[in-house]
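The values are calculated or read from the model by the stated rules, or taken from the named source; none is laboratory data. What you see is a predicted model, and the numbers here were worked out from it, not measured in a lab. Note: ideal-geometry Cβ built from the backbone for every residue, glycine included; neighbour counts use all protein chains shown. In case anyone asks, the SASA skips ligands and DNA or RNA and just uses the protein heavy atoms, side chains included. Shrake-Rupley method; radii C 1.70, N 1.55, O 1.52, S 1.80 Å.
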Amino acid sequence: MKRLASIDALRGFDMIWILGLEWTVRGFCKLFPGGTGWWFEKQFHHVAWDGLAFFDTIFPLFVFIAGVSFPFSYAKQVARGDSALKIHLRLFRRAALLILLGMVYNGVLAFKFETFRYSSVLGKIGLAWLVAALWYVHFGVKVRLGVLLATLGGYWALLHLVAPDAPAGTSPFALAGCFPGYLDRLGFTPGDLYCKLKVNGVLKPMLEPSGVVVSSLGSSASALMGMLAGDLLCSSRLSFNQTRKTLALAGIGVIALIAGWLVSLDCPIIKNLWTPSFSLVVGGYSFLMLALFYWIIDVKGHDRWCFFLKVVGVNSITIYMLKRIVDYKAISRFLFGGVASWFSDPLFIESLGMVMLCWLTCWFLNRQKIYLKI
């Protein structure tokens, strides 16, 4: 099955923000009076708790894209005659490697286990993808759509109705009383918890956004949505041409956005909880972005412009890990610090240099045909 350039380009578009492009935008805004705190500049920060900014869509889009890619990978495995056992072993191996790499990213090699955060972004991707992939391998589209709706509805009910240790008058969707945080504090998620709250002057660990509970429920819904999109793109029905696929992706995206807004009237959009409203809204956004990239690149054939993005997209995990190991920020400051000093704030030039250095690393790896495949 032909590899779709739009998927690599969209993954690269998503990844370039993770590499530091948001800092470049923030730095650019700081060059102008009132730039910091401007509505546009705020879009490149995570919201404090509830609500949504552009930067909050980056991680769930990556989870969605991981889902989109799986139907293509699975079809290849089936076509070459891989056994069910081999396919399942590959699924668990990939998830385990992502969890391990996430722990390395968080600093497990320092051996400071008393303060170590076992959960990670990569681990969350691995768990969410694994849950969705198992549903994909064993069931058809209709069942998986039912599972998706049941996951969103069931998680909504849990968040709304179950809050055992919530202080009186506290919303079940608040950090202090939410159900996933309660389970994390019971020890369902090992290690240090990322979200903390000051209680009686003491900073208390409250919630792990990348923990087992949230990863298995909220983010697996995003991966399932991606796999439904991948199914659509993989369809070989003669009556379902590229234009209709694009329209279907866009239509589903609009429906998901509307559904997410309606759900948010009762269940707030909260990234740290990956609430059902958040899953639907960012899922709708992801469908629309995929439709746009697919239409421009694979349908209309305008693909020269996206080389910059594809280079990053084909080595996304590699550069994510390298950026943790290699101090690109210091290298950029060394190379471009003089130019940066000409500006009222050096952030714009230094972060732009950091992004370009990361891109050049991806370009070199791509030129040498070096790819980290998990």
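Taking residue 152, is it open to solvent by less than 60 Å² (accessible area, probe 1.4 Å), in a helix (DSSP H, G or I), hydrophobic (A, V, I, L, M, F, W, C) and in contact (Cβ under 8 Å) with a residue 24 or more places away in the chain?
Details: open to solvent by less than 60 Å² (accessible area, probe 1.4 Å): yes; in a helix (DSSP H, G or I): yes; hydrophobic (A, V, I, L, M, F, W, C): yes; in contact (Cβ under 8 Å) with a residue 24 or more places away in the chain: yes.
Judged against the criteria, residue 152 is a match.
For segment 277-374, which fully contained helices (runs of 4 or more DSSP H) count at least 3 residues that are closer than 18 Å to residue 27 by Cα and modelled with pLDDT of 95 or more? If you could, list the steps in order and put the result at the bottom.
Numbers: elements: 307-313, 316-325, 328-340, 347-367.
Counting at least 3 such residues, we get 328-340, 347-367.
Any residue that is of a type in the set (Phe, Trp, Tyr), more than 17 Å from residue 6 (Cα to Cα), crowded, with 18+ Cβ neighbours inside 10 Å and out of contact with any Asp or Glu (no Cβ under 6 Å at 6 or more places or on another chain) - is there at least one of those in segment 353-374? It would help to see each step written out before you state the result.
First, pick out the residues of segment 353-374 that are of a type in the set (Phe, Trp, Tyr): 359, 363-364, 371.
After this cut, where a residue has to be more than 17 Å from residue 6 (Cα to Cα) as well, the list is 359, 363-364, 371.
Among the residues that remain, those that are also crowded, with 18+ Cβ neighbours inside 10 Å are: 359.
The next check asks that each one be out of contact with any Asp or Glu (no Cβ under 6 Å at 6 or more places or on another chain); those that pass are 359.
Yes, there is a match, as at least one residue in segment 353-374 is of a type in the set (Phe, Trp, Tyr), more than 17 Å from residue 6 (Cα to Cα), crowded, with 18+ Cβ neighbours inside 10 Å and out of contact with any Asp or Glu (no Cβ under 6 Å at 6 or more places or on another chain).
Quick grid of which residues meet (1) of a type in the set (Asp, Glu); (2) touching a His at 6+ places or on another chain (Cβ under 8 Å); (3) over 27 Å from residue 311 (Cα atoms):
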site: 16; (1), (2), (3): no, no, no
site: 21; (1), (2), (3): no, no, no
site: 38; (1), (2), (3): no, no, yes
site: 50; (1), (2), (3): yes, no, yes
site: 55; (1), (2), (3): no, yes, no
site: 59; (1), (2), (3): no, no, no
site: 69; (1), (2), (3): no, no, no
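Out of segment 38-93, which residues are open to solvent by 60 Å² or more (accessible area, probe 1.4 Å), part of a helix (DSSP H, G or I) and closer than 30 Å to residue 347 by Cα?
Within segment 38-93, 39, 40, 42 meet the criteria.
So, of the residues in segment 113-146 that are assigned to a loop (DSSP other than H, G, I, E, B) and over 28 Å from residue 193 (Cβ atoms), which turns out to be least open to solvent (accessible area, probe 1.4 Å)? Can you show your working first?
Step one: filter segment 113-146 for residues assigned to a loop (DSSP other than H, G, I, E, B), giving 116-120, 139-140.
So of that shortlist, the ones also over 28 Å from residue 193 (Cβ atoms) come out as 139-140.
Working: 139: 93, 140: 41 Å².
That would be 140.
Restricted to segment 181-239, and to residues that are of a type in the set (Lys, Arg) and more than 18 Å from residue 162 (Cα to Cα), which residue is least open to solvent (accessible area, probe 1.4 Å)?
Going through segment 181-239, the residues of a type in the set (Lys, Arg) turn out to be 185, 196, 198, 204, 237.
Now restrict to residues that are more than 18 Å from residue 162 (Cα to Cα): 196, 198, 204, 237.
Values: 196: 72, 198: 144, 204: 96, 237: 156 Å².
This residue is 196.
Take residue 174 and decide whether it is assigned to a loop (DSSP other than H, G, I, E, B) and hydrophobic (A, V, I, L, M, F, W, C). Explain how you work it out, then say what you get.
Numbers: assigned to a loop (DSSP other than H, G, I, E, B): yes; hydrophobic (A, V, I, L, M, F, W, C): yes.
The answer is yes for residue 174.
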